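Here's the structure, in structure tokens; my notes come after.
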Amino acid sequence: MFRLFQGFVDDEAGTTSIEYALIGTLVGVACIAAFQQFASATGVLFAVITGITTYL
């Protein structure tokens with residue numbers, strides 16, 4: 001039983017895929033945060049442009 005458990009602990013076959021999944025998740029979260037900031041800035045820009053064109 002101990003050898004079975006030790007073999008399971010020493011096996012590193014799925015380690016790389018887990019690391020890639022974590023990196024992909026972090027990149028996804030960073031993209032979502034960046035897109036939200038961009039959307040907010042774009043909304044302000046359109047509001048300014050709308051205000052400018054209203055007075056022309």
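The values are calculated or read from the model by the stated rules, or taken from the named source; none is laboratory data. Computed from a predicted structure; not experimentally measured. Virtual Cβ from ideal backbone geometry, glycine too; neighbours counted across all protein chains shown.
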**OP:** May I ask you to verify whether G7 is surrounded by 10 or more Cβ atoms within 10 Å (Cβ to Cβ) and part of a helix (DSSP H, G or I)?
**Re:** no
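What residue, of V9, V29, is modelled with pLDDT of 95 or more and either under 22 Å from the mean Cα position of the chain (by Cα) or not small (G, A, S) (or both)? Before you say what the answer is, go through the steps one by one.
On the way: V9 fails: modelled with pLDDT of 95 or more.
On inspection, the qualifying residue turns out to be V29.
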